[in-house]
Amino acid sequence: MEKTIYIRMRNRVQSKPEEKVLLKDVAQIIAPEAVLSNLKSMMVHQLTETDRNIVIIDVMKVINMISTRFGELEIQTIGPAQTIIEVTYKKKGVSIPFFLLIWFLLFFGSAMAIMNFHDDVSMRSVQEKIYTIITGKKEAKPFLFQIPYSLGLGLGMILFFNHVFKKRLNEEPSPLEVEMFNYQMDLDNYVIIHENKESMKKTNDDD
């Protein structure tokens, strides 16, 4: 009979305040059928108000709990050594005036950034020269060229970010999503190191 328990800690788990965090919530488990249900229902942490919004569950704590209860079984761990528990509180409704203010700032801020960039690179004069080269006529406002360019700029942004509102164009992640993923990974690593009490220790500690 196989007497090994395999544990793979999850990277991040979302949980509600004051909730009991079970082993099945923070880890994937492979174990003998005789103990599997007991392992899954084992409580590893009780969330309280003092936990705030982030709790780190270290795999050593999990191993210690399992060893205490099932000392005759061997424990093998795979993957991450910690699980981040994110305590999710009930979100407040979006304020319409606040939403409109943010939309206004983002819209006009983006417009100003694009216009300033075009002004820095003399885009208008470039468009005039291209129009003159193509048509042979000199035009101070080559709308025949500028309007398609403006529409193409918006279409290019949609293709770049791979989204039309909430609809994804294809399965490939956008550059923004990749950057957000990298930021989240760096943030998780920071939290694991600085919030996990077991990850740092002074040499003169007695324990």
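State which residue pairs qualify: first residue more than 18 Å from Lys90 (Cβ to Cβ) and touching a residue at least 12 places away in the same chain (Cβ under 8 Å) and inside the range 9-28, second residue assigned to a strand (DSSP E or B) and open to solvent by 100 Å² or more (accessible area, probe 1.4 Å) in any location, beta carbons under 7 Å apart, and separation of 6 or more residues or different chains. Close Cβ pairs (under 7 Å, with a partner that is assigned to a strand (DSSP E or B) and open to solvent by 100 Å² or more (accessible area, probe 1.4 Å)) amount to Ala27/Arg8; Gln28/Arg8.
Restricting the range 25-44 to residues that are part of a strand (DSSP E or B) and more than 17 Å from Thr68 (Cβ to Cβ) leaves a set whose member that is most open to solvent (accessible area, probe 1.4 Å) is Ile30. Checking the structure you have, find out if any residue of the range 159-178 is assigned to a helix (DSSP H, G or I) and over 22 Å from Phe107 (Cβ atoms). The answer is yes; a qualifying residue exists.
Could you check, for the range 8-16, whether at least one of its residues is in contact with a Phe, Trp or Tyr (Cβ under 7 Å, 6 or more places away or on another chain) and more than 21 Å from Leu187 (Cβ to Cβ)? Quick ask: steps written out before the conclusion?
Taking the range 8-16 first, the residues in contact with a Phe, Trp or Tyr (Cβ under 7 Å, 6 or more places away or on another chain) are none.
No - not one qualifying residue is present in the range 8-16.
Tell me yes or no: at least one residue of the range 181-190 is touching a Pro at 6+ places or on another chain (Cβ under 9 Å), modelled with pLDDT of 85 or more and either open to solvent by less than 100 Å² (accessible area, probe 1.4 Å) or assigned to a helix (DSSP H, G or I) (or both).
yes
The values are calculated or read from the model by the stated rules, or taken from the named source; none is laboratory data. Values in this document were obtained by computation on a predicted structure and should not be read as measured data. When we count neighbours, we look across all protein chains shown, and the Cβ atoms used for this are built from the backbone with ideal geometry, even at glycine. What goes into the accessible areas is simple: the full protein's heavy atoms, side chains included, and nothing from ligands, DNA or RNA. Shrake-Rupley method; radii C 1.70, N 1.55, O 1.52, S 1.80 Å.
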